[in-house]
1. So which residues in the stretch 17-33 are open to solvent by 20 Å² or more (accessible area, probe 1.4 Å), in a helix (DSSP H, G or I) and either among the aliphatic types (A, V, I, L, M) or in contact with a Leu (Cβ under 7 Å, 6 or more places away or on another chain) (or both)?
2. For Ala14, which of the numbered conditions (1) open to solvent by 50 Å² or more (accessible area, probe 1.4 Å); (2) more than 12 Å from Ile68 (Cα to Cα); (3) touching a helix residue (DSSP H, G or I) at 6+ places or on another chain (Cβ under 8 Å) fails to hold?
3. What pairs can you find where one residue is in the stretch 70-89 and farther than 13 Å from Leu25 by Cα and of a type in the set (A, V, I, L, M, F, W, C), the other is open to solvent by 70 Å² or more (accessible area, probe 1.4 Å) and not in a loop (DSSP other than H, G, I, E, B), and their Cβ atoms are less than 6 Å apart, with a gap of 6+ or different chains?
4. Looking only at residues in the stretch 34-92 that are within 23 Å of Ala19 (Cα to Cα) and among the polar types (S, T, N, Q), which one is most open to solvent (accessible area, probe 1.4 Å)?
5. With the structure loaded, tell me whether Leu51 is assigned to a helix (DSSP H, G or I) and more than 15 Å from Arg7 (Cβ to Cβ) or whether it fails that test.
6. If you go through the stretch 59-69, how many residues are in contact (Cβ under 8 Å) with a residue 12 or more places away in the chain and under 17 Å from Met3 (Cβ atoms)?
7. Given the condition touching a residue at least 12 places away in the same chain (Cβ under 8 Å) and among the basic types (Lys, Arg), answer yes or no: does some residue in the stretch 23-36 qualify?
8. Filter the stretch 71-111 for residues that are at pLDDT 60 or above and outside any helix (DSSP H, G or I) and give the result.
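The values are calculated or read from the model by the stated rules, or taken from the named source; none is laboratory data. Since the model is a prediction, treat every value here as computed from it, not as a measurement. FYI the Cβ positions are ideal-geometry reconstructions off the backbone, even for glycines, and counts take in every protein chain you see. When the accessible area is computed, the model is the full protein with side chains, heavy atoms only, and any ligands, DNA or RNA have been set aside. Shrake-Rupley method; radii C 1.70, N 1.55, O 1.52, S 1.80 Å.
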Amino acid sequence: PAMAEYRSLLEELAQNITAEDLEQLKSACREDIPSGEGDAIATGHHWFAFLERHSKLDRDNLSYIEHIFEISRRPDLLTKVVQYRTQVLKISEEDEVDTKLTRIPSAKKYK
């Protein structure tokens, strides 16, 4: 069931990502996209698949897309991810601090 909920989260997010949004999201994570591969990412679905292939995203690790939505100014998408994290994964902001997934050193987190 958790996998199904994760898939439905990605589906919902992908449906809310326009072509314009996608350019912004790709731009926000351009250092993680090998040159030439960005053009192949034509939809939100492609973007999520790309992130999963490159171990930037999985059912239990959403911090990367949270960060991207945050810097891309998509609080609506960020809220959906945070709701999933707190309701499905049962990880609250307090727990995150304990697991050192704090947001402050976000630049270091993705190296």
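1. Once the filter is applied, which keeps residues that are open to solvent by 20 Å² or more (accessible area, probe 1.4 Å), in a helix (DSSP H, G or I) and either among the aliphatic types (A, V, I, L, M) or in contact with a Leu (Cβ under 7 Å, 6 or more places away or on another chain) (or both), the stretch 17-33 yields Ala19, Ala28.
2. So Ala14 meets the others, but not (1).
3. Going by the 6 Å Cβ cut-off, the qualifying pairs are Val88/Glu5.
4. Filtering the stretch 34-92 for residues that are within 23 Å of Ala19 (Cα to Cα) and among the polar types (S, T, N, Q), the one most open to solvent (accessible area, probe 1.4 Å) comes out as Ser35.
5. Working: assigned to a helix (DSSP H, G or I): yes; more than 15 Å from Arg7 (Cβ to Cβ): no.
Judged against the criteria, Leu51 is not a match.
6. Qualifying residue count, the stretch 59-69: 4.
7. yes
8. Within the stretch 71-111, Ser72, Arg73, Arg74, Val88, Leu89, Lys90, Ile91, Ser92 qualify.
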